[in-house]
Amino acid sequence: DTELILNENLFTIAEKERDPALLDALDDILNGKEGFIQVKNSRRYPDYFLYYRGIPAVNWAMCVFIPESAFYAALYQMNFFLLAIVFIGLIMIIFIIQIVSKRLTKPLYDLSLAAAATGAGDFKANLPGKIFSSELIQLRDSVAKMQRDLQQHILDIQTATADKEKYESEINVARDIQMSIVPHLFPPFPNRKDMDVYAKIKLADSMGSDFYDFFFISDHKLCFALGEVTGKGVPASLFMAVTRTLLRSVAQESKRPEEILWHINKDLCSGNSTGMTVAFFVGILNLKTGETLYVNAGGQNPIILRENGKFEEIDTLSAREPGANENTIYIADTFAMQSGDHLILCSDGIINAANATDETFRKSAFEKALAHFQGDKPKELAEILLSELEKFRGAAPQTDDYTLLTLSYYSAETRGKT
């Protein structure tokens, strides 16, 4: 600054600035001392640094004024250079991070897409091939295993569904056979005044092959039967259909139950590779006398509800079931029915029906149920028995078919009154 050099000196500057630090420095110079101060907020000049030192030999003093901008110029330049280096370094770091991140996250992203596609049902979704992380390799292998397991699970479900549909179809066919083979129109003989009959099958979830039948073999003789084929499904239903057909065919020729069962047993044992048998009760009621000739071949004992309300179980000698041994000999027995009596035949599904506490229906509960019957119609009797059975069973599942036949007898003397 030319004006400063030509017109000013340290004393004039100190006097004008009135800066205490500058005045102290002036005293030091006069005393020959050395120092370095920073002068800020000058009224006339930019901030500066002052270095001074006395020279006693010549009674002089040397003062150096250094503007702050010049003093820090190198530092500012170095800071700028460092900032530039840091900025470039940050850009490079960000670039490297992006490359590494993409390298690491791209397989993870591809895995997430594959997992989503697998969840949507695409079990052949492509999985990433090049993976450099052991954790991601493990994750990829887990997704691949999940795809294979899901494929196998779907195949298992399809197979199980097909098997279930096949089984249900077989059950439906067997039920159709079972229900179409037995009489189902009631009353079956509306013009008869000497008897009435009713029967019903209540199917369980698992298909059985119970059946019943009744038909006249002469004007005054009624043949009735109730059977239970061992086994389930279509084979058992076909075996039941064959048995019922044999019953109708043989009974027209052989008028006695032991002869009927003997012929049926012979035919069923012939070529019976399945080993199926049929628990069979066959009876023939003489409507003129009330005498009932019967054979029980593995079935349940018949029950008679007498006209006076008395409960009576016929203790029968059970013979071997037809289909088991072709050499079986059957022997008939008899019991008498009086006018107003009701005969009850039922399957073991009713007798052995259990409630939630595993108690079975059996004789005591059966007798209690019969006490509610006050009418004279076999249908009403059957409905009361089945209703009481359902109450007894409660929430317990039905595990077997309920098959029931009720037969009411009215003698010739009371025929006109019914």
For segment 294-306, which residues satisfy the criterion of being out of contact with any helix residue (DSSP H, G or I) (no Cβ under 6 Å at 6 or more places or on another chain) and buried (at least 17 other Cβ atoms within 10 Å of the Cβ)?
-> Asn296, Gly298, Gly299, Pro302, Ile303, Ile304
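Can you pull out the residues in segment 56-104 that are among the aromatic types (Phe, Trp, Tyr) and outside any helix (DSSP H, G or I)? Full working, then the answer.
In the first step, residues of segment 56-104 are kept if they are among the aromatic types (Phe, Trp, Tyr); the result is 60, 65, 71-72, 76, 80-81, 87, 95.
Trp60, Phe65, Tyr72 - these are the residues of segment 56-104 that are among the aromatic types (Phe, Trp, Tyr) and outside any helix (DSSP H, G or I).
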Residues of segment 302-332 being touching a strand residue (DSSP E or B) at 6+ places or on another chain (Cβ under 6 Å) and either of a type in the set (Asp, Glu) or not assigned by TED's automatic domain parsing to the domain that holds His263 (or both), which ones?
-> Glu312, Glu313, Glu321
Search segment 11-55 for residues being in contact with a helix residue (DSSP H, G or I) (Cβ under 6 Å, 6 or more places away or on another chain) and assigned to a helix (DSSP H, G or I), and hand back the single one that is modelled with the lowest pLDDT.
-> Ala14
Odd one out for Phe224 among (1) buried (at least 17 other Cβ atoms within 10 Å of the Cβ); (2) part of a loop (DSSP other than H, G, I, E, B); (3) modelled with pLDDT of 95 or more = (2)
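This table checks each residue for (1) closer than 20 Å to Gln398 by Cβ; (2) at pLDDT 75 or above; (3) part of a helix (DSSP H, G or I).
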site: Leu127; (1), (2), (3): no, no, no
site: Ala144; (1), (2), (3): no, yes, yes
site: Ala160; (1), (2), (3): no, yes, yes
site: Glu165; (1), (2), (3): no, yes, yes
site: Asp176; (1), (2), (3): yes, no, yes
site: Pro188; (1), (2), (3): no, yes, no
site: Ile201; (1), (2), (3): yes, yes, no
site: Ala204; (1), (2), (3): yes, yes, no
Go through (1) of a type in the set (A, V, I, L, M, F, W, C); (2) modelled with pLDDT under 75; (3) in contact with a Lys or Arg (Cβ under 7 Å, 6 or more places away or on another chain) and name the single condition Ile181 misses.
-> (2)
Would you mind telling me which numbered condition in (1) assigned to a helix (DSSP H, G or I); (2) in contact with a Lys or Arg (Cβ under 6 Å, 6 or more places away or on another chain); (3) hydrophobic (A, V, I, L, M, F, W, C) Leu155 fails?
-> (2)
Test each condition in (1) at pLDDT 70 or above; (2) part of a helix (DSSP H, G or I); (3) among the charged types (D, E, K, R) for Asp122 and report the one that comes out false.
-> (2)
Pick from segment 229-283, criterion out of contact with any Pro (no Cβ under 7 Å at 6 or more places or on another chain) and of a type in the set (Ser, Thr, Tyr), ranking: surrounded by the fewest Cβ atoms within 10 Å (Cβ to Cβ) | Ser273
Taking the condition in contact (Cβ under 8 Å) with a residue 24 or more places away in the chain and more than 15 Å from Ser408 (Cβ to Cβ), does Asp333 pass?
-> yes
Filtering segment 65-77 down to residues that are surrounded by fewer than 11 Cβ atoms within 10 Å (Cβ to Cβ) and either touching a helix residue (DSSP H, G or I) at 6+ places or on another chain (Cβ under 6 Å) or aliphatic (A, V, I, L, M) (or both) yields Ala74, Leu75
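The values are calculated or read from the model by the stated rules, or taken from the named source; none is laboratory data. The structure displayed is predicted, hence computed values, not measured ones. All Cβ positions, even for glycine, are placed from backbone atoms using ideal geometry, and neighbour counts span all protein chains on display.
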